[in-house]
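Heads up: the structure comes next, in structure tokens.
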Amino acid sequence: MRIAALTAALLLQAATLGGAATPGRGDDDDAASAQQRPLVGPSREPQQRRRQPNVVFILTDDQDVHLSSLDYMPLVKKHLLEKGTNFMKHYATTAVCCPSRVTLWTGKFAHNTNVTDVSPPYGGYPKFVSEGFNDNYFPVWLQEAGYNTYYTGKLFNVHTVENYNSPPPGGFTGSDFLLDPHTYDYLNSTFQRNGQEPRSYEGHYSTDVLAEKAYGLLDEAVDAGKPFFLVAAPIAPHANVVMNGPGHGIHSVYFTEPVPAERHKHLFKDEKVPRTANFNPEEPSGANWVRELPQQNSTNVEYNDHFYRQRLRALQAVDELVEGLVERLERHGLLEDTYVVYSSDNGFHIGQHRLQPGKSCGYEEDVNVPLIVRGPGVAAGYAADGVVTTHADLAPTFFDLLGIPPRADFDGDAIPVTRERIEEVRDKGGRREHAGIEYWGFAMGEGIYNRNPLEHNTYKAIRLSGPGYNLYYSVWCNNEHELYDMETDPGQLHNLLSSSASSSPPPLLAAGHPAHKVAARLDALLLVLKTCAAGTCRDPWRQMHPDGSVRSLADALAPRYDAYYDYDYDEEGGAGGAPRVEYRYCANGFLEDAEGPTWQADGRPFGWGEYGYGELRRREDGTRWEDWV
Ligand SMILES: *[C@@H]1O[C@H](CO)[C@@H](O)[C@H](O)[C@H]1NC(C)=O
Ligand SMILES: *[C@@H]1O[C@H](CO)[C@@H](O)[C@H](O)[C@H]1NC(C)=O
Ligand SMILES: *[C@@H]1O[C@H](CO)[C@@H](O)[C@H](O)[C@H]1NC(C)=O
């Protein structure tokens, strides 16, 4: 009944807007709408369509890889994992919604967008607009290349019922956005279609409303007869958030566990957060504020298990949405010409390192996110473990898939999607082996316990994986360092650089090299990455080795470079005094004077020194770092 009423409401809305009728979810509704409007047929020039592929992109919110959420999505398994390629080493470069999404839709790291937070002054939709991206980002570029673009769901944070039209997000042929303050209110969402007034869906389940809208936009896209890029961005499995809720004050934000659809409430009664070694460990772990966290008591752990089950349940409606989209593509005869891509803006932790439910850390749970691709030429049922990819690579990848020449200012690289190319890159090198990770600001718990903001959660990190090594290196804004051997310590419990780590004999990693020698290389790489742009992000080793002799950590570990990297690394900066990544203080945004030494892009053989941003060479307009070509 509820679905039928909702469908009627949506049909009414579509009719008043003069748009295509929205088919319902039920078989009866589908049959009815199929009778009214024939699906794509010979009259729509299928031959011509077939040459240019389409993309349908499902972007979830806060979905993990390491809490096994994909194991509970049978339809994603059936339609995407079994029919496509799963990129196992895909990373969010900034583990929180808005910065991550801006990176995804610009192909630039957050240090090049300066959208580093979810809300002003350092982030949110207003910051995206004021940085000049609203007429210079992915959907705009795609329209310029002849594509129609459609989006439903959450675009950015602080895209609100007040600012939705000032200006409207650029670049969309058709849109139906979730808006704050009701974005994360699973049972009282507000959507806003094209230029229209926002509309409340009180009492309807957010993901189901979104699914109807996604199907309607897909039909519009097919009717328009042009190649299209369609995004469905549901909020699941993000926490439920009530802003300005009753009894919580005017500006209060109230987090609770995610809310499933009524029909999924009964599922997974026995499931619990996987009890991996880093789950609520006996000993503290991590660095900085993480190492100060108390172990959680059983009441807290039980609540967190409930939070976990609510996430799995909330994902069921997303699972159905994926099937709904795939089935519609098939009925339109477009499934073989369409890339269906599935990812999430950032990952999530529950209890690992004693953390309350949340994200924004650099640990594997928060940065490793799903990326599944099915489509023309993409291998079915393949788990690609050999390439490290990031959200900065997605815009370049979509360009590549759609045959659009890459932009020179992309920080990322197109991801190889065919099995042949993936294995060639894995076996012969030729692609960077790291993900640059960066964060500014605070972290917060999203459950009901200890959700106070935790300050000083500013850090830079590298996740690097290549033949013979699998590593995570970080520098926090209090200048603590971490290095984990992800092969022997996937839970990141034994920091090889902690002052308490016993180091006799020193731990060996990366093909038998001591941890400190490896750390010196990674630090130099991080120094380049933290202000890299375009070419310097895609091939950072070349900054230190302009002759191209070093393309990987393995190359850089050759003994002849020991002097260059000053391998007597220590936390004080090394015997040779080579500048290290170092913060002057903990800032909540990307503030020049907090950032410490930076790489000098001046081609000097040992080109680093203690200089502030002011001395970096800039383009003539003074806005961006000079690119290295
Ligand atoms: C649902 O949202 C609307 C605004 O879109 C608001 O007027 C209404 O009070 C909300 N309902 C509840 C139960 O919070
Ligand atoms: C368990 O921990 C939570 C969060 O710190 C606290 O609020 C609660 O009082 C504790 N419960 C017991 C029984 O100790
Ligand atoms: C980033 O934006 C913030 C807020 O507007 C500003 O204070 C800061 O100077 C900017 N950072 C850089 C490096 O331009």
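Couple of notes before you dig in:
Residue-wise test of (1) free of Cβ contacts under 8 Å to residues at least 40 places away in the same chain; (2) farther than 21 Å from Thr207 by Cβ.
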position	(1), (2)
Phe307	no, no
Leu312	no, no
Asp319	no, no
Glu327	yes, no
Asp337	no, yes
Gly347	no, no
Pro357	no, no
Asp366	no, yes
Pro376	no, yes
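- Residues of the range 289-317 classified as within 13 Å of ligand 2 (Cβ to nearest atom) and touching a strand residue (DSSP E or B) at 6+ places or on another chain (Cβ under 6 Å), total: 0
- All of Tyr439, Tyr469, Tyr484 fail the test of being farther than 30 Å from Arg584 by Cα and aromatic (Phe, Trp, Tyr), apart from Tyr469.
- Note on the range 433-492: residues that are among the basic types (Lys, Arg) and not in a loop (DSSP other than H, G, I, E, B) amount to 2.
- Candidate set from the range 109-130 (those that are surrounded by fewer than 24 Cβ atoms within 10 Å (Cβ to Cβ) and of a type in the set (Gly, Ala, Ser)); member that is farthest from Cys537 (Cα to Cα): Ser119
- When the test is whether a residue is part of a loop (DSSP other than H, G, I, E, B), at pLDDT 95 or above and assigned by TED's automatic domain parsing to the domain that holds Leu217, Asp62 passes it.
- Any hit, the range 68-80, residues being among the polar types (S, T, N, Q) and either modelled with pLDDT of 95 or more or assigned to a helix (DSSP H, G or I) (or both): yes
- Elements of type strands (runs of 3 or more DSSP E) in the range 141-226, at least 2 residues being more than 16 Å from ligand 1 (Cβ to nearest atom): 148-153, 174-178
- Verdict on Ala408 being of a type outside the set (Lys, Arg), more than 18 Å from Val369 (Cβ to Cβ) and not in a helix (DSSP H, G or I): yes
- Test: residue in the range 287-301 that is away from ligand 1 (no atom under 16 Å from the Cβ), under 16 Å from Thr207 (Cβ atoms) and at pLDDT 95 or above: no
- Residues that are of a type outside the set (Val, Ile, Thr) and out of contact with any His (no Cβ under 9 Å at 6 or more places or on another chain) number at least 3 in the following helices (runs of 4 or more DSSP H) confined to the range 288-389: 298-331.
The values are calculated or read from the model by the stated rules, or taken from the named source; none is laboratory data. All values derive from a computational prediction rather than experimental measurement. In this analysis, Cβ positions are derived from the backbone assuming ideal geometry, glycine residues included, and neighbour counts consider all displayed protein chains.
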